[in-house]
Each structure stands twice: as structure tokens, then as C-alpha cells.
Amino acid sequence: PPFSSPLSLELKMTWGTLYTQLAGVNRHSTSLGKVWLSVLFIFRVTVLVLAAESVWGDEQSDFVCNTLQPGCENVCYDHFFPVSHIRLWCLQLVFVSTPALLVAMYVAYRHHGDKRQVLQQGSEAELESLRRRRLPIAGPLWWTYACSLVFRLLFEGGFMYALYVLYDGFQMPRLVQCDQWPCPNVVDCFVSRPTEKTVFTVFMAASSCVCMALNVAELAYLVAKAIARCPSSRPVYKSCGCVSEPEEAHPST
């Protein structure tokens, strides 16, 4: 059709809002984090909104079985495709993007506290500098950022495993045989656009693997930078990202 459907427009607006939120978090990310966001939205969200929706739009209506038994096609479709690929991928992207909001919450908390201190001092120049300031990934922000990466990896891996188990692999079958009730016997059911759906499934799985590799690389980079900054006399587990905020001096005993 020449114009986008209301559902498609709503999806684009929703993903656009999510991108705006993540782009704000990206100001405080590493270079690998910026690459991850680009891969997420260019290779996954864009393909999902513009292409995959049209490929899977006819999945149930064009699922045809060689029987006239009422209810047989619906039962067989539910048996072989319990969750739509599109809905599973949308859920995956939401879960994968959510940990980044932990970083946004911490940054907003820090900025709110610093802004209150600056307003008490009444300095306009410092307030403008605070708006443009980029927090270093150290101290509590290091832990928040590292935890968000770990959760991203867990969600990516969990959803890929669920996709593989639910559909018995990443290849879409051309024909499935169903013997579920109320089918009178074993019936043959045919899937629409199996090759095209297989290509999209493999592409989305490969994009997910790329995102996981970027997350692992970024986590390794953060750990390496933290170890390099920390003096050898201080345990890394006590000061990962080492000191970003001044510590109070304690009198020696």
C-alpha cells in the first residue's frame, strides 16, 4: 500500500521514542556502546519495522492445511507457532534496551544532586557547564554500566535460546505434519514464504550475535580500563573504575 498503516506508524513512533531515550544514555557510553546502539536500530529495529512486519503479516491467514475439519488449522498453527516471531523480537528488543535505562536513571540522579548544589551557589556558568558535562564511567557509574551490559547479554542469549527451542532451529519449514485434535488424522500444513522468513530469522539471529559480541567486548574494555587505573595496592573489587568522586580523608591513628 502507498501509505503506512496506523499500526506501522505507531510502531515507528514507539521505537523513535526509545531511540531518543537511549541516545541520551549514549552520551555517557564508550565508543563500543555507540556502535551497539547503531547496530540495534539500523540492523534490527529498522528491519523489524519496515520489512519483517510485512513478511509475517499473513502468517496465520496463509497457513493452509489439507483438511476441511473446523478448528484443525487454528490448532495446528498454535502448536507449531506458539509465539509470533515479530512479537518475540519486539519483546527481545524491549528487554535488551531496558538495562540501558538503569544508566539513565543513575545519571539523572547524579545530575539532579549536582544541579541542586550549583543552584544553591547561584552560578549560571557552572549550571550551563553541568548540562553539557559527560560523566566518566568510574565509581558507582562503572558498576551500573557493567551490570547493564551483563543483563543485556543474559536477555540476548535467553531470547535466542527461546527462539531456537520454540521453533526447533532458525529454519522455517515448508511443510509441517499435524495430528492434533480435532484433526481427523495426520494432515499436511503449508507455511507461506518459508524461504523469506528463514532469511529474516537468520539475519535477526546474526544481528543479535553481533550485539552480544559488542557487549562482551565493551565489558572486557571496561574491566581492562578499571584494572589499568587502579593502583596495584588497592583491590580491584573495592574500586572498579577507580576513584571518580573525591573521598573524605580519615585521620591516621
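Could you please find all residues in region 196-253 being of a type in the set (V, I, T) and either modelled with pLDDT of 85 or more or not in a helix (DSSP H, G or I) (or both)? Matches in region 196-253: T198, V199, T201, V202, V210, V216, V223, I227, V243, T253.
Restricting G139, G157 to those that are at pLDDT 75 or above and touching an Asp or Glu at 6+ places or on another chain (Cβ under 6 Å) reduces the list to G139. P99 fulfils the conditions (1) in contact with a Ser or Thr (Cβ under 9 Å, 6 or more places away or on another chain); (2) modelled with pLDDT under 85; (3) not basic (K, R) except for a single criterion, (2).
Selection over region 168-195 of residues that are on the phi < 0 side of the Ramachandran plot and either surrounded by 15 or more Cβ atoms within 10 Å (Cβ to Cβ) or in a loop (DSSP other than H, G, I, E, B) (or both) gives a count of 19.
Can you tell me how many residues within region 43-73 are among the hydrophobic types (A, V, I, L, M, F, W, C), in a helix (DSSP H, G or I) and either within 24 Å of V191 (Cα to Cα) or modelled with pLDDT under 80 (or both)?
Here the count works out to 8.
From the list D188, D168, the lone residue that is of a type in the set (D, E), modelled with pLDDT of 75 or more and within 29 Å of the chain's Cα centre (by Cα) is D168.
The values are calculated or read from the model by the stated rules, or taken from the named source; none is laboratory data. Worth saying up front: this structure is predicted, and the values here are computed from it rather than measured. Virtual Cβ from ideal backbone geometry, glycine too; neighbours counted across all protein chains shown.
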